[in-house]
Amino acid sequence: MTRPSTVGHRPPATGPWLFDGPRGTRPDARPARQGADGALPQAVLFDRDGTLVTDVPYNGDPARVAPMPSAPEAVAAVRLLGIPVGVVSNQSGVARGLLTRHQVESVQDRMDALFGPFEVWAVCPHGREDGCGCRKPAPGLVLAACERLGASPERTVVIGDIGSDVAAARAAGARGVLVPTSATRPEEVAAADETAADLLQAVRLVLGLTQTVAAGTVTGWTAAEGAATDRVLEGPARTEGAATEGALGSPAATGRALGGPAPTDPAATTPRSPGGRR
């Protein structure tokens with residue numbers, strides 16, 4: 001990654017910052033499978049703050065990155081099915097002079113280490129007043145990530161914790177799922193097409209999975225692969241490396257996908273971001 005920015009630099013309102021992961025080189029990368037109805041998504045995109053990691057306003061410190069409850073398991077479950085996973089994130093702290101590009105990328109590097117490398121990062125560094133087309137609820141981040149992944153927006157899912165996340169999905173023609181936290185406004189919950197209590201439930205919803213993978217919900221799985229996916233989807237307790245080694249590809253890959261600090265209570269650690277909700 002290049003790291004050219006300094007604090008105080010206001011990026012021109014053009015497009016998002018796009019960062020590619022090591023696509024096709026992850027040890028846990030697998031050919032995409034199809035559900036029984038052929039309707040598995042082509043890509044799943046997660047919001048960053050308040051969805052994958054606790055929302056520390058304008059965070060540029062990798063040491064403060066902590067996964068949300070069940071987030072590593074949710075990401076691992078999507079990857080087990082060979083579906084590309086990306087992140088779409090507003091980072092208006094850059095426009096406000098509170099963050100540098102280097103700091104944004106340092107947080108991304110920490111998340112890649114905790115979750116395993118994401119295949120694409122689409123980041124909006126602009127403020128609300130900049131008039132860009134990428135700041136959620138505009139569709140630019142979702143469309144850019146889909147283009148980079150070669151995924152159709154209509155076959156893409158966006159999972160986030162506030163209304164702008166699902167509004168961006170809707171504007172792009174994608175499917176949006178809201179996972180409410182203490183930062184989510186009641187009117188956003190009411191307006192959402194689909195909601196889930198936590199990330200694992202959201203993943204079960206969008207993948208059409210409950211506990212039936214081994215029974216044939218996904219075609220082409222061996223019994224061991226199906227059982228491993230079921231274990232990941234069972235709940236927030238972390239799956240041991242030995243249990244998922246065969247499905248994820250290696251113990252190291254399992255550690256990246258499921259490791260990291262113990263999850264924390266989102267109600268206690270997810271404040272509403274001051275000055276514009278990210």
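The values are calculated or read from the model by the stated rules, or taken from the named source; none is laboratory data. Just so it is clear, the structure is predicted and the values come from calculations on it, not from any experiment. Every residue, glycine as well, gets a Cβ built from its backbone with ideal geometry; the counts of neighbours run over all protein chains shown. Surface areas here come from the heavy atoms of the whole protein model, side chains and all, with no ligands, DNA or RNA. Shrake-Rupley method; radii C 1.70, N 1.55, O 1.52, S 1.80 Å.
Given a 1.4 angstrom probe, I'd like the percentage of the accessible area of region 66-163 that is carbon and sulfur, rounded to a whole number. Numbers along the way, then the final one.
On the way: 1180 of 2340 Å².
Looking at region 66-163 in its full context, I get 51 percent from C and S.
Hey, rough spin-label estimate for Asp109 and Arg64, points 7 angstrom out along Cα→Cβ, what's it come to in nanometres?
1.8
Three principal axis extents, largest first, for the C-alpha atoms of region 69-134, in Å?
Here the Cα extents, ordered largest to smallest, are 39, 23, 21 Å.
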